[in-house]
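Notes follow the structure.
No value in this document is a laboratory result; all are computed from the given coordinates. What you see is a predicted model; the values in this text were computed from it and never measured. Don't worry about glycine lacking a Cβ; one is built from the backbone with ideal geometry, like all the others, and counts go over all protein chains shown.
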Amino acid sequence: MASLDEIQKEKERWEKMVLAKNPVPPATTTSGLDLDVIYTPSDLEDFDYLRDLGFPGEFPFTRGVYPTMYRGNLWSMRQYAGFADAEESNKRFKYLLSQGQTGLSVAFDLPTQMGFDSDHPMVKNEVGRVGVAVDTLKDMEILFEGIPLDKITTSFTINATAAIILAMYLTVAEKQGIPAEKVGGTLQNEILKEYIARGTYIFPPRPSLRLVVDVIDFCKDRVPRMNTINFSGYHVREAGADAIQEAAYCLSSAITYVEEVLKRGIGIDDFAPRIAFHLIVGLDFFEEIAKIRATRRLWAKIAKERFKAKNPRSMMLRLFCGSSAREATLREPLNNIIRATIDMMGIVFAGAQSASILSYDEAYTIPTEESALISLRTQQIIGYETGITKVVDPLGGSYYLENLTNRMEKEIKALIDEIDSEGGMLRCIETGRIQNDLLKKAYKSDKKKQNGEVVVFGVNKFVDEKKRDEEIILTQIDPDLSKRQIHRLQQVRSKRNDRKVREALNVLKEKAKGTENLVPFIQEAVREYATVGEICNTLREVFGEHQESVVL
Amino acid sequence: MAVRVLIAKPGLDGHDKGAKTVAMALKDAGMEVIYTGRRQSIDQIIHTAIQEGVDIIGLSILSGVHLEITGELLERMREKGIESIPVVVGGVIPKKDIPILKGMGVEEVFPIGSTFEEIIQGIEKIVGRKSGDL
């Protein structure tokens with residue numbers, strides 16, 4: 001059998017002979033890693049199968065976090081949904097469940113995410129626009145009416161107001177007669193990326209971090225089936241990061257959160273089994289799959305070596321994966337179905353635990369029932385009709401993929417080390433370094449799309465002039481919605497016991513000044529139908545509000 | 001003198017990649033750019049525009065509320081007597097809304113898909129024409 005040296009020599013000979021005669025332009029991955037024309041065993045020089053890949057369900061989890069992966073259970077199909085008010089969204093949820101969706105994923109409107117009531121003057125145009133409006137417990141009762149919270153798990157894209165939404169969800173379960181220990185789901189609860197990318201912060205970073213840890217701490221024993229944080233690379237990627245930055249910022253943030261939790265005297269194995277990650281798989285198929293495998297391996301090492309975890313479940317990178325919104329186009333939007341299909345196949349080859357892919361119209365609006373169904377069908381067709389789910393990590397062992405996985409790991413690790421040496425993620429956000437790097441990268445990649453260096457069909461290549469004038473259709477929000485929501489809010493306010501609300505808020509205010517876990521006190525206020533705005537205003541008085549410093 | 005541009009992100013929508021990359025492109029084209037940051041009320045935007053003495057205001061709106069917000073901004077500008085500062089709007093804007101925005105008094109609309117070059121030239125043209133009027 002040929003040795004690696006011999007193969008390398010042969011590869012060089014082939015490159016000299018064949019490529020010299022048939023020259024090809026150089027190529028890189030989207031993140032800029034150089035690519036050979038072909039990969040061979042000699043590109044995996046120090047490859048050690050048991051050390052680097054091992055078996056699925058075992059350290060370092062490169063091939064997947066569960067032993068049998070999709071042969072056992074498919075990923076959970078969770079399309080992001082929610083708009084208008086609780087009644088409308090409840091109908092959409094029930095529809096998606098009746099069509100075979102296996103869990104829910106709730107989108108909240110911006111006022112709910114940013115701690116404003118629907119009648120706040122700043123938000124009058126935004127009620128129910130990009131997600132469901134929730135002002136009080138009443139809205140959550142309607143939102144989950146007829147949905148058994150012990151059977152269906154729910155993922156919440158909620159950050160600054162995560163503790164309030166958690167308290168409401170648990171209270172609704174209580175009213176359905178379901179104890180907290182039977183309630184399962186995921187809270188995004190990942191505030192750091194809000195400052196650098198997504199923008200739904202309320203308080204300054206440090207008190208916000210406290211609330212994040214309060215939620216993790218509260219759920220640890222009382223709501224053991226709740227994933228209490230979703231370390232998110234998704235949003236920084238959408239804001240301009242490349243795949244290496246996405247993974248590195250995500251892991252660096254994860255390190256910051258874990259350190260914060262450990263400071264409370266909580267052991268790593270007491271909470272790390274309930275954390276999850278949220279990353280993107282975009283169109284650069286192999287780089288994205290390599291990125292996910294590398295990140296899985298890196299997290300396993302960080303948990304084990306840096307944080308001394310003993311429980312293998314603490315080392316597992318459970319992954320909620322999304323498709324790329326940046327690569328979706330407003331022109332010829334039906335092409336986005338094809339893009340999302342490719343992303344979704346990448347998500348499966350990467351081994352995600354749950355997925356939500358972009359609907360074709362989501363480059364410019366929230367999806368219609370029709371477009372949301374196509375996304376669910378895309379997932380189902382890949383899951384049930386293609387057969388690619390039968391073998392775990394089927395691309396594992398590809399010379400190219402393993403080489404790329406190793407190189408991605410090295411690059412991601414180098415960036416994590418750099419952030420560490422600059423004082424960690426929180427510090428790098430405070431200094432604006434991360435925001436600056438993101439902006440530079442976003443600007444560069446936008447320019448590449450505009451000058452055609454990055455090809456986008458229908459946009460900068462083979463542009464169909466007839467389609468230029470095609471109208472985009474925005475999902476219409478009922479103009480009376482805001483009035484209806486405000487009316488409901490006023491009704492709740494008039495029926496509740498104001499004295500009890502004030503008492504609960506006063507207690508919360510006092511507790512916020514100390515160090516006690518705030519979730520139980522938030523839940524007391526929620527039970528009395530205190531509004532999201534009232535609870536946040538109470539905390540604003542103690543914590544202050546974050547002022548964005550703009551770096552250009 | 002360099003053109004002074006205010007790029008403003010009104011409302012709660014946090015998607016500011018577009019606003020910021022356009023700001024970078026305008027800077028590279030030699031303009032002086034002031035970016036308000038996210039979550040600006042109409043009054044804050046007007047305050048900054050007056051304080052900074054800008055030649056033009058660019059609004060970035062992706063959440064579908066461009067008609068409402070732009071209408072309010074223009075009304076408040078008239079109240080404050082600064083309606084001579086031209087306003088352009090970028091973001092997710094359906095074609096049918098472009099004439100409506102222009103009817104309200106918006107000088108130009110740059111829907112998603114507009115290139116940096118188109119935006120730079122558009123702004124130079126508007127500011128050049130305005131200063132020629134004086």
Given 4 °C, 1.567 mPa s and a Kirkwood radius over Cα pairs, the Stokes-Einstein diffusion coefficient of region A:291-347 in µm²/s is 96 µm²/s
Among trypsin sites (Lys or Arg not before Pro) in region B:8-110, those in a DSSP loop whose Cβ has at most 13 other Cβ atoms within 10 Å are B:Lys95, B:Lys96
Proximal lysine pairs in region A:377-451, meaning Cα under 29 Å and 8 or more positions apart or interchain, come to 15
Per DSSP loop assignment and a cutoff of at most 13 other beta carbons within 10 Å, chain A keeps its longest run without exposed trypsin sites (Lys or Arg not before Pro) at A:391-552
Karplus ³J(HN,Hα) for region B:24-35 (6.51 cos²θ - 1.76 cosθ + 1.60, θ = phi - 60°; Hz, whole; x = Gly/Pro) runs 4, 5, 5, 4, 4, 7, x, 8, 9, 10, 10, 10
Computed over region B:1-120, the convex hull of the Cα set has an average projected area, in nm², of 6.6 nm²
Whole-Hz Karplus couplings 3J(HN,Hα) for region A:449-458, θ = phi - 60° and coefficients 6.51, -1.76, 1.60, Gly and Pro as x, run 6, 6, 8, x, 4, 9, 7, 10, 5, x
Straight-line reach check, A:Lys21, cutoff 24 Å on alpha carbons, 8 or more apart in-chain or any other chain, hits among lysines -> A:Lys9, A:Lys11
Calc'd 3J(HN,Hα), region A:223-233, phi into Karplus 6.51 cos²θ - 1.76 cosθ + 1.60 (θ = phi - 60°), Hz, glycine/Pro = x, comes to 10, x, 8, 8, 7, 8, 7, 10, 4, 10, x
Rg from C-alpha atoms of region A:1-129, normalised by the globular rule of thumb 2.2 N^0.38 Å, equals 1.89
Footprinting proxy, A:Leu104, A:Leu19: sorted fewest to most Cβ within 10 Å, the residues are A:Leu19, A:Leu104
Fewest to most Cβ atoms within 10 Å: A:Phe320, B:Phe110, A:Phe47 sort as A:Phe47, B:Phe110, A:Phe320
What helix-only [θ] at 222 nm does chain A give? Using -39500 (n - 2.57) per DSSP H run of at least 4, over all residues, to the nearest 500, the answer is -14500 deg cm²/dmol
Taking a crude spin-label model, label points 7 Å out from Cα along the C-beta direction, the A:Ile178 to A:Val542 distance in nm is 3.0 nm
Everything considered on the Cα gyration tensor (a ≥ b ≥ c; rounded for a/c under 1.5, else prolate if a/b is larger than b/c, else oblate), the protein assembly as shown must be described as oblate
Chain A: relative contact order from alpha carbon pairs under 8 Å, six or more residues apart, as a whole percent, is 18 percent
Restricted to region B:1-114, the DSSP antiparallel beta bridge percent, nearest 5, is 0 percent
Expected integer from the mean partner chain Cβ neighbour count at 10 Å over B:6-15 is 5
Spelling it out for A:Ile229: with amide H atoms placed in the peptide plane at 1.01 Å from N, the residues 5 or more places away or on another chain with amide H under 5 Å from its amide H are A:Leu187, A:Ala276
Taking alpha-carbon centroids only, region A:62-79 lies from region A:195-255 a number of Å equal to 23 Å
Percent antiparallel among DSSP beta bridges confined to the protein assembly as shown, rounded to 5, stands at 5 percent
Going from the fewest other Cβ atoms within 10 Å to the most, one would list B:Ile93, B:Ile126, A:Ile522 as B:Ile126, B:Ile93, A:Ile522
Once the dipole of the protein assembly as shown is set up from charges on Cβ (+1 Lys and Arg, -1 Asp and Glu), the residue from the list A:Ala27, A:Gly177, A:Leu330 lying farthest towards its positive end is A:Gly177
Here the alpha-carbon Rg of region A:434-552 over 2.2 N^0.38 Å rounds to 1.81
Of all chymotrypsin sites (Phe, Trp or Tyr not before Pro) in region A:440-506, the ones in DSSP coil with at most 11 other Cβ atoms within 10 Å are A:Phe462
Placing each pseudo-label 7 Å from Cα in the direction of the beta carbon, A:Asp420 and A:Arg225 end up separated by a distance in nanometres of 3.8 nm
